[in-house]
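Worksheet for the structure shown next.
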There are 4 protein chains.
Amino acid sequence: MPKETFLRLRDDKQERILRSAIHEFVENGFDRAKIGDIAKNANVATGSIYQYFQDKRELFVYCAEWGLKVLFKKFNEHMNIADKDIFEYLEDYLAIVKAMDKDREVILFMQLIEKEPSLRDDSMKAMYNVGGEHGKKLIENGKRRGTVRTDIDDDLLMEYYTAVAERFGMRINRHWDFITEMTEEQSQNIQKEFTQMLDILKNGMGC
Amino acid sequence: MPKETFLRLRDDKQERILRSAIHEFVENGFDRAKIGDIAKNANVATGSIYQYFQDKRELFVYCAEWGLKVLFKKFNEHMNIADKDIFEYLEDYLAIVKAMDKDREVILFMQLIEKEPSLRDDSMKAMYNVGGEHGKKLIENGKRRGTVRTDIDDDLLMEYYTAVAERFGMRINRHWDFITEMTEEQSQNIQKEFTQMLDILKNGMGC
Amino acid sequence: MPKETFLRLRDDKQERILRSAIHEFVENGFDRAKIGDIAKNANVATGSIYQYFQDKRELFVYCAEWGLKVLFKKFNEHMNIADKDIFEYLEDYLAIVKAMDKDREVILFMQLIEKEPSLRDDSMKAMYNVGGEHGKKLIENGKRRGTVRTDIDDDLLMEYYTAVAERFGMRINRHWDFITEMTEEQSQNIQKEFTQMLDILKNGMGC
Amino acid sequence: MPKETFLRLRDDKQERILRSAIHEFVENGFDRAKIGDIAKNANVATGSIYQYFQDKRELFVYCAEWGLKVLFKKFNEHMNIADKDIFEYLEDYLAIVKAMDKDREVILFMQLIEKEPSLRDDSMKAMYNVGGEHGKKLIENGKRRGTVRTDIDDDLLMEYYTAVAERFGMRINRHWDFITEMTEEQSQNIQKEFTQMLDILKNGMGC
DNA sequence: CATGAATGAGGTTTCATTCAT
DNA sequence: CATGAATGAAACCTCATTCAT
């Protein structure tokens with residue numbers, strides 16, 4: 001969806017621009033994000049952005065598509081989705097998120113997308129090309145293996161899963177902010193909370 | 001937090017203005033919301049808004065405070081919180097939401113607040129005055145009555161609850177949009193999904 | 001020039017309003033002075049100002065007229081102009097200014113008038129009714145008594161006198177600001193500078 | 001203090017903009033001066049002004065700095081300050097002012113600066129960088145040469161000098177306004193008044 | 001293709017003045 | 001007459017987008 005010009009750029013320049021945009025979007029939201037600042041941080045001229053993308057909107061949408069690609073690529077380096085069910089996936093997800101400092105911002109950006117209703121549809125469509133059936137497959141895996149309840153349809157389960165996973169992801173991020181060197185005790189606390197999260201996701205809050 | 005002038009206005013005028021603002025914010029988000037349009041829809045002059053509120057931001061924050069008050073008032077007309085646990089509450093919550101056509105927008109606005117990071121803190125602070133310990137109390141009730149698991153602390157449970165309830169609330173709203181007259185079948189579908197939601201919340205998605 | 005309504009007010013209320021206006025004008029200049037603040041500080045309603053004066057401009061002009069009246073009245077309580085020449089007058093002027101704490105602001109206001117070119121003409125005209133030939137008379141006195149040089153016409157002398165007196169007046173005010181209790185030394189310094197000022201005025205800076 | 005963008009502009013464009021601003025400020029004062037009009041008269045877009053300067057205030061302050069630079073440059077083309085005393089300087093000053101039709105407005109602007117109390121400090125600071133010790137040096141020259149009295153300190157003398165010179169400058173300007181072709185008689189009148197001014201400055205009005 | 005200056009529509013905010021009570 | 005809410009014109013300033021070099 002970006003112009004040819006952009007795709008012909010060297011990969012590292014493309015990445016510099018997209019990360020700069022993602023940084024700005026995450027920091028300020030879509031409306032307050034300034035093309036000028038994105039350009040400046042990427043060390044390109046403001047006008048150049050318009051050689052690459054139709055407008056701000058298209059840049060945003062492409063960030064979504066690119067960001068998702070990046071995350072999946074990273075994940076897949078660490079694990080094979082095919083034979084995992086959704087709980088294992090989350091466990092890995094959070095562990096991997098922890099390992100990906102550079103991409104923290106990309107993850108935050110993914111969470112931002114839902115919050116821009118006017119852009120959501122376009123971005124989601126773009127993301128669907130990449131992420132599409134990914135989640136559903138994990139749920140199917142779970143159902144087949146008998147770890148996910150089968151009395152509720154995939155769609156509703158996915159909604160539940162996404163909500164909980166996202167919020168817990170944010171919580172983890174909150175706890176990790178500003179922590180560079182973690183004490184043994186901190187590490188254990190996070191590990192404990194982490195186990196609890198997974199347990200709630202599986203078993204709910206009722207008893 | 002609004003100026004004295006606003007508080008001296010007749011109640012119905014105050015409400016007209018706030019609902020107009022909420023409508024605009026929900027429709028366009030904070031940045032794209034135009035004071036001029038808010039004023040026009042409320043049948044007042046643009047300048048008047050600035051007799052009432054310091055600026056757009058203060059208007060937004062006060063909408064949050066007022067909105068929550070309105071919702072709580074409505075809820076409390078229908079049910080007594082004191083002797084309910086959190087599941088019963090949710091059950092009633094959704095039922096009541098269904099009954100409150102006029103306030104649909106206020107509910108959407110409440111969901112919007114989290115999506116405006118720069119305003120979130122101020123709004124949350126204002127809302128806390130109203131909503132504060134409400135949720136925690138419901139969880140305590142549940143733990144005391146033995147319907148909520150006690151092996152996990154209130155804080156994490158609240159986070160989980162909020163995430164799921166909010167997302168399911170949005171889902172319900174999505175289904176209801178544009179439905180004025182509901183067929184018997186539609187009604188049953190919603191009832192069914194609703195029961196399922198409650199079940200997931202209680203028992204999680206695992207088995 | 002104000003409306004009848006204003007002139008029918010009790011004297012102390014008139015004074016309260018005018019002093020409030022003068023305070024605001026001195027503090028902020030004509031443009032940034034707010035009618036609302038003037039009214040608030042005078043303990044009257046904003047609208048009332050418009051019962052008294054056509055508009056902001058007329059209020060300003062009347063402040064000039066009133067202020068000059070007040071100053072002259074104060075001066076005349078302390079000295080008889082008729083038999084003084086211009087140097088004696090200045091000597092007294094500065095001494096009296098020192099004695100009039102309450103009217104410091106009125107004096108500052110008089111100095112402000114020249115700085116509002118667009119209002120100057122109207123204000124000057126109003127002031128002329130009061131102050132008019134005052135200065136000229138003092139110069140004539142001086143010429144008659146032989147203390148003022150006669151080789152230069154009154155007009156140019158007046159211009160010179162006003163410029164120097166005003167600037168020295170501001171300088172005095174600057175030195176006095178924030179001084180409530182004056183030490184013997186400070187008092188002597190001012191007295192000395194004062195004598196010098198008068199000397200320069202009389203004898204110029206040449207030698 | 002302006003943005004880089006401005007300084008990279010061609011000199012004649014910079015000048016066009018600054019003269020347009022000075023014109024507007026002189027005509028209307030700081031508050032009533034409209035950025036839109038400044039831009040229009042300079043043949044640039046309103047927004048461009050904001051590419052060049054942070055805001056109206058910064059534009060004003062830079063006008064002060066630039067204006068003083070221009071005047072000094074012009075003066076220095078006509079005379080060498082180093083070996084002049086303050087009276088000769090004034091003599092030349094007024095003569096040169098007469099010769100500088102194009103810069104009449106710049107001179108008026110310099111006089112305006114004192115009248116904007118809120119901007120005075122910043123502008124003065126900017127001007128000090130340029131004009132700084134200029135006046136003091138002239139006074140020192142005079143004292144050394146024996147043309148300026150030595151019994152009074154430089155500071156007070158400078159205040160006196162500035163007051164008189166400024167006012168006489170304004171008077172000269174007043175007389176010259178609207179005069180394009182001067183009759184012999186007019187010229188002689190001015191010359192006469194001029195000589196008188198210098199005499200008053202030197203010898204005061206006393207006798 | 002890169003650059004960064006130029007543009008101007010559009011929105012927020014201010015406040016003198018009016019007007020209904 | 002007093003009050004203070006209502007009005008809306010007017011001005012500053014922002015920034016996405018265009019365009020000339």
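The values are calculated or read from the model by the stated rules, or taken from the named source; none is laboratory data. Values in this document were obtained by computation on a predicted structure and should not be read as measured data. Glycine also receives a Cβ, built like all others from the backbone with ideal geometry; neighbour counts cover every protein chain displayed.
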Requested in this report: Would you mind telling me which numbered condition in (1) more than 13 Å from the chain's Cα centre (by Cα); (2) at pLDDT 65 or above D:GLN111 fails?
Outcome: (1)
Requested in this report: Collect the residues in the stretch B:22-35 that are within 14 Å of DNA strand F (Cβ to nearest atom) and surrounded by fewer than 19 Cβ atoms within 10 Å (Cβ to Cβ), keeping them in residue-number order.
Outcome: B:ASP31, B:ARG32, B:LYS34, B:ILE35
Requested in this report: Return the total of residues in the stretch A:37-60 being surrounded by fewer than 18 Cβ atoms within 10 Å (Cβ to Cβ) and within 8 Å of DNA strand E (Cβ to nearest atom).
Outcome: 7
Report task. Please find, among A:LYS34, A:LYS13, A:LYS74, the residue that is within 11 Å of DNA strand E (Cβ to nearest atom) and among the basic types (Lys, Arg). Result -> A:LYS13
Query - Of all residues in the stretch A:36-54 being of a type in the set (Val, Ile, Thr) and in a helix (DSSP H, G or I), the one that is nearest to DNA strand F (Cβ to nearest atom) - result: A:THR46
Query raised in the report: How many residues are without any contact (Cβ under 8 Å) to a residue 24 or more places away in the chain and part of a helix (DSSP H, G or I) if we restrict to the stretch C:14-34?
Result: 8
Query raised in the report: Does B:ASN80 count as surrounded by fewer than 14 Cβ atoms within 10 Å (Cβ to Cβ), among the polar types (S, T, N, Q) and at pLDDT below 70?
Result: yes
Requested in this report: Give me a count of the residues in the stretch B:1-16 that are crowded, with 17+ Cβ neighbours inside 10 Å and either within 14 Å of chain A (Cβ to nearest Cβ) or near DNA strand F (Cβ under 9 Å from one of its atoms) (or both).
Outcome: 2
Report task. Would you be able to say whether some residue in the stretch D:141-162 is among the aliphatic types (A, V, I, L, M), in a loop (DSSP other than H, G, I, E, B) and at pLDDT 75 or above? Result -> yes
Query raised in the report: Can you spot a residue in the stretch B:57-65 that is away from every other protein chain (no Cβ under 14 Å) and within 13 Å of DNA strand F (Cβ to nearest atom)?
Result: no
Query - Among (1) closer than 30 Å to A:PHE25 by Cβ; (2) away from DNA strand F (no atom under 13 Å from the Cβ) - the single one B:ARG19 does not satisfy - result: (1)
Query raised in the report: Just wondering, is there one or more residues in the stretch B:118-125 that are modelled with pLDDT of 70 or more and either under 25 Å from B:TYR62 (Cα atoms) or at the interface with chain A (Cβ under 8 Å from one of its Cβ atoms) (or both)?
Result: yes
Requested in this report: Select from the stretch B:1-13 the residues that are more than 22 Å from the chain's Cα centre (by Cα) and not in a helix (DSSP H, G or I) and write down the one among them that is farthest from B:LYS102 (Cα to Cα).
Outcome: B:LYS3
